[in-house]
Amino acid sequence: MSVDSARARLQLVHKELLLRWGRVCDVWDDPVRHALQERQIEPLDGRVRSAMSAMEKMRDTIAAVRRECG
């Protein structure tokens, strides 16, 4: 799997998770759900963005190595 493919897959899976979590929130509204959201779901957004940024840098580095060592 290429870095671009992995990045696209991560983005797609994260989007799907958030959609499904939204449905869960429609029917589950108690302190446990709020705690889970605060501790697990909300931090994922930043982590996913960081991972995607790192993947872009990896892609660029791999492309540069291929050009230079070609």
> Using a simple spin-label model with points 7 Å from Cα along the Cα→Cβ vector, what separation in nm is obtained for R59 and L17?
Replying inline: 2.0 nm
> Residues of the chain: accessible area per residue at 1.4 Å, in Å²?
Replying inline: 79 Å²
> Expressed as a whole percentage, what fraction of the accessible surface of the chain belongs to carbon and sulfur atoms when a 1.4 Å probe is rolled over the protein heavy atoms?
Replying inline: 56 percent
> How long are the semi-axes of the ellipsoid equivalent to the range 1-69, from square roots of 5 times the Cα gyration tensor eigenvalues, in whole Å, largest first?
Replying inline: 35, 12, 5
> With point charges of +1 on the Cβ of Lys and Arg and -1 on the Cβ of Asp and Glu, referenced to the Cα centre of the chain, which listed residue (L19, G70, S2) lies farthest in the positive direction of the dipole?
Replying inline: G70
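The values are calculated or read from the model by the stated rules, or taken from the named source; none is laboratory data. Predicted model, so just to flag it, every value in this text is computed and none were measured. Because the Cβ atoms are built from the backbone with ideal geometry, glycine has one as well, and the counts that use them run over all protein chains shown. These accessible areas exclude ligands, DNA and RNA; they are computed on the full protein's heavy atoms, side chains included. Shrake-Rupley method; radii C 1.70, N 1.55, O 1.52, S 1.80 Å.
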